[in-house]
Amino acid sequence: MKCHGRIFGLLMSVCFIAVTAATAFAQTGKCAFQTLNFPTPPDSFPSAEALTDTGAIVGTFLTPSRHESGYLLYQGKFTPFMFPGSTDTSAHDMSRTGTIVGEFNTGGNQRPFMVRSGGFQQITIPGFPNVPGSAHGVNDNGDIVGEFVANSARFGFLLHNGKLTILSFPGAQGGTLPMSINDQGVVVGVYFSGPEETSRGFMWKNGVFSNLNPPAAGNGHTELTKISNAGDVVGDFISPVDHQFHGFSFHQGQFIIIDAPGFNQTSIFGVNKFDNIVGVGSNATSNIELKGFCSAAF
């Protein structure tokens, strides 16, 4: 990996990456947005997947050799990293205490990983030591959620103090994918009722599943991507009216649609306790990474 050992230890302590933002803001009535500029090569397609309470951003981009690399962005510093010996590395979440989770690939074998106290570690699913998988969420207590594949089926997992809890939404024959967990142990994600079925959102709390989907989505696609420590949920859905992606927040029982101005579609991937979000605005010609300031939407 490019940034392991002593180098990554420095990265974790002083080289967190940060947001370099455009000066102009656009107000939607719900959120004010600014463009995220990444110092990556042309056509690298960076994606911001999580925003911590301390302002750090983690995500993934394509290298010039067309492999996936994780990155940290914090206080104006950008640091790419690869799991040692991997061909591709993707980062999905980061806790306030600095733990990063994601997945890496070596020779076609995908495995979940974590970075903690400056060291990289493969995550092994208890009872399923050699199955492919991915880690998508981590909280400040060290709990990790993600998915793994066993016997040709996709299962969600929660690791708490080394103990495995399998998360499988009732009737989800196409699999369950937990995406995020907050410090209160609330999990959000998506499930599939069949192999080719549309994804639907779920919340899991104290062992109980519930559906969580914006009414504007109808029976169509919904993806819950993150839940903050304040209990706010963000994600996106496809509208049955215009067949476009729209971002949304869920706060105190209320869904609010969040659309970035100037774009046909909006997807939201991360939120922190200060109601800041990261996501992407898309139109026919471009995809632009965005940071939003959304106190009016929560």
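On inspection, Ile268 fails the criterion of being more than 23 Å from Gly137 (Cβ to Cβ) and in a strand (DSSP E or B).
Under the condition of being touching a residue at least 60 places away in the same chain (Cβ under 8 Å) and in contact with a Pro (Cβ under 6 Å, 6 or more places away or on another chain), the residues counted in segment 251-278 number 0. Kindly indicate the residue of segment 103-162 that is under 28 Å from Gly194 (Cα atoms) and of a type in the set (Lys, Arg) and also nearest to the chain's Cα centre (by Cα) among those meeting that condition. Here the answer is Arg111.
Of the residues Ile227, Ile256, the single one that is more than 23 Å from Leu177 (Cβ to Cβ) and not small (Gly, Ala, Ser) is Ile256. Considering segment 96-123, the residues that are in a loop (DSSP other than H, G, I, E, B) and at pLDDT below 95 include one that is farthest from Val186 (Cα to Cα), namely Gly107. Restricting segment 116-166 to residues that are among the polar types (S, T, N, Q) and at negative phi leaves a set whose member that is surrounded by the fewest Cβ atoms within 10 Å (Cβ to Cβ) is Asn130. As a summary of the residue check, Val241 satisfies the conditions (1) in contact with a helix residue (DSSP H, G or I) (Cβ under 7 Å, 6 or more places away or on another chain); (2) hydrophobic (A, V, I, L, M, F, W, C); (3) surrounded by fewer than 21 Cβ atoms within 10 Å (Cβ to Cβ) except for the one numbered (1). Scanning segment 14-54 for residues that are modelled with pLDDT of 85 or more and assigned to a strand (DSSP E or B) yields Ala32, Phe33, Gln34, Thr35, Leu36, Ser47, Ala48, Glu49, Ala50, Leu51. If you filter segment 211-246 down to residues that are within 30 Å of Thr54 (Cα to Cα) and of a type in the set (S, T, N, Q), you find that the one that is nearest to the chain's Cα centre (by Cα) is Thr225. Can you say whether Gly194 is more than 18 Å from the chain's Cα centre (by Cα), surrounded by fewer than 16 Cβ atoms within 10 Å (Cβ to Cβ) and over 27 Å from Asp53 (Cα atoms), as far as the supplied structure shows? Spelling it out, Gly194 is indeed more than 18 Å from the chain's Cα centre (by Cα), surrounded by fewer than 16 Cβ atoms within 10 Å (Cβ to Cβ) and over 27 Å from Asp53 (Cα atoms). Taking strands (runs of 3 or more DSSP E) as the structural unit, those lying wholly within segment 147-249 and holding at least 1 residues that are of a type in the set (Gly, Ala, Ser) correspond to 153-160, 175-181, 187-192, 199-205, 208-211, 233-238.
So which residues in segment 228-269 are of a type in the set (Val, Ile, Thr) and closer than 26 Å to Val186 by Cα, if there are any at all? Lay out the reasoning, then the answer.
Within segment 228-269, the first condition is being of a type in the set (Val, Ile, Thr), and the residues that meet it are 233-234, 238, 241, 256-258, 266, 268.
Of everything in segment 228-269, those that are of a type in the set (Val, Ile, Thr) and closer than 26 Å to Val186 by Cα turn out to be Val233, Val234, Ile238, Ile256, Ile257, Ile258, Thr266, Ile268.
Which one is surrounded by the fewest Cβ atoms within 10 Å (Cβ to Cβ), of the residues in segment 81-115 that are farther than 26 Å from Pro64 by Cβ and out of contact with any strand residue (DSSP E or B) (no Cβ under 8 Å at 6 or more places or on another chain)? The residue in question is Thr97. When Lys273 is tested against the conditions (1) out of contact with any strand residue (DSSP E or B) (no Cβ under 8 Å at 6 or more places or on another chain); (2) of a type in the set (Lys, Arg); (3) at pLDDT 95 or above, the lone failure is (3). In the set (1) more than 29 Å from Asn264 (Cα to Cα); (2) without any contact (Cβ under 8 Å) to a residue 60 or more places away in the chain, Arg66 fails one condition alone, (1).
The values are calculated or read from the model by the stated rules, or taken from the named source; none is laboratory data. None of these values were measured; they are calculated from a predicted model. Please note: Cβ atoms are built from the backbone with ideal geometry, for glycine as well, and neighbour counts cover all protein chains shown.
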